[in-house]
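A quick write-up on the structure given underneath.
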Amino acid sequence: MATTKVVDIIDRASIILQDSTNVRFPNAELLKFFNDAQKEVVLHRPDANMQNDATFDCVAGSKQTIPTTGLRLVDVIRNVGGRAITQVDRKILDETLPNWHETAADATRKIEHFIFDPADPKHFYVYPKATNAFDLEIIYSAAPSDISISNFSTDTTVISLDDVYANAILDYVLYRAYQKDSEFAGNAQRAMMHYQGFSNALGIKTQADAAIAPIPGTPDANAGRG
């Protein structure tokens, strides 16, 4: 759960920009850069804003669409109150069960598999096909909602992402600010420096996550890593 306040990031940006009175960069403008920064983080790190939806309501048919705030499906876990659901390759079903889109699930035969194509990240298919009565537990990445602030002196709203992304968000805000003033000497270089810092922060976290990620079937696989 995040504890970093949005206004703290904006204040830090103003100090670095040497604009503590917010003449050149009003708080409202920096807030727009902040909202863009959160979206940019999730674009590169979908796991930064994961949603575990235990009440996803299926529509009738095999094709399903993740919630409107979703960016991409991550996993389909189970029928709520029932069996687990596993991922299968669509080609396997197409070759072995050409009419699989028409096979219906029912009270005794729950949904067994899901099919996902990374090229179509907001949709997935289920087998057997669903009726409106089926609820699934799914995990998906969602776009952060824009944050609005009316009083920058007293607001206590925290960032939407984990605190570990606070520095990356700050770098992106500074990148956008210096980019705005790129006609002044050195600012184009400063903008690129902060964008590189933003990119490096996300890349380094990706490497760190990979280093400690559990490997199925090998509980001690991470022992001694470092």
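Where q = 0.11, 0.20, 0.23 Å⁻¹, what log10 of I(q)/I(0) comes from the Debye formula for region 100-179, counting one point per Cα?
-0.59, -1.00, -1.19
Mind pulling the angle between the C-alpha long axis of helix 27-44 and the longest principal axis of the chain? Nearest 10 degrees, somewhere in 0 to 90.
It works out to around 40 degrees.
Pull out the extension gain between Lys5 and Thr65, defined as 0.36 nm times the separation in residues minus the alpha carbon to alpha carbon distance; nm, one decimal. Let's see the in-between values first.
Working: separation 60, 0.36 × 60 = 21.60 nm, distance 3.32 nm.
Stretched out fully, the Lys5 to Thr65 stretch lengthens by 18.3 nm.
Binning every alpha carbon pair distance of the chain at 5 Å from zero, what are the percents per bin?
Per 5 Å bin, starting at zero, the Cα-Cα P(r) for the chain comes out as 1, 6, 12, 14, 13, 12, 11, 9, 8, 6, 4, 2, 1, 0, 0 percent.
How about region 84-191: which chymotrypsin sites (Phe, Trp or Tyr not before Pro) there are in a DSSP loop, with at most 10 other Cβ atoms within 10 Å of their Cβ?
On the way: sites: Trp100, Phe114, Phe116, Phe124, Tyr125, Phe134, Tyr140, Phe152, Tyr165, Tyr172, Tyr175, Tyr178, Phe184; in loops: Phe116, Phe134, Phe152, Phe184.
Sparse-neighbourhood loop chymotrypsin sites (Phe, Trp or Tyr not before Pro): Phe184.
Among Leu43, Leu202, Leu17, which one shows the highest mean-square fluctuation when the chain is modelled as a Gaussian network with alpha-carbon springs under 10 Å?
Evaluated over the chain, the most mobile residue of the options is Leu17.
Can you report the principal axis dimensions of region 1-69 using only the alpha carbons, biggest first, rounded to whole angstrom?
Here the spans come out as 57, 22, 18 Å, largest first.
Enumerate the amide H contacts of Ile77 below 5 Å, restricted to partners 5 or more residues apart or on another chain; note that Pro and chain-start residues carry no placed amide H.
Glu137, Ile138, Ile139
Apply the a/c threshold of 1.5 to the C-alpha gyration tensor of region 49-142 and tell me whether it is rounded, prolate or oblate. Present the calculation step by step, with values, prior to reporting the outcome.
Details: a/c = 1.85, a/b = 1.25, b/c = 1.48.
Cα axes put region 49-142 in the oblate bin.
For the chain, which longest stretch is free of loop sites, where a loop site is one of the trypsin sites (Lys or Arg not before Pro) that DSSP puts outside H, G, I, E and B and that has at most 13 other Cβ atoms within 10 Å? Don't skip to the answer; put the middle values down first.
Values: sites that count: Arg24, Arg83, Arg109, Arg225.
Answer - 110-224.
Can you tell which of Pro118, Pro144, Pro128 shows the greatest fluctuation in a Gaussian network model of the chain with Cα springs below 10 Å?
With Cα springs under 10 Å in the chain, the top fluctuation among Pro118, Pro144, Pro128 is at Pro118.
Obtain the nm distance between the two label points defined at Asn200 and Val80 by a simple spin-label model: each point lies 7 Å from its Cα along the Cα-to-C-beta direction.
4.6
Given springs between every Cα pair under 10 Å in a Gaussian network model of the chain, which of Glu137, Glu183, Glu29 has the largest fluctuation?
Glu183
Values in this text are rule-based calculations from the coordinates and carry no lab data. Model, not experiment: these values are computed from the prediction. All Cβ positions, even for glycine, are placed from backbone atoms using ideal geometry, and neighbour counts span all protein chains on display.
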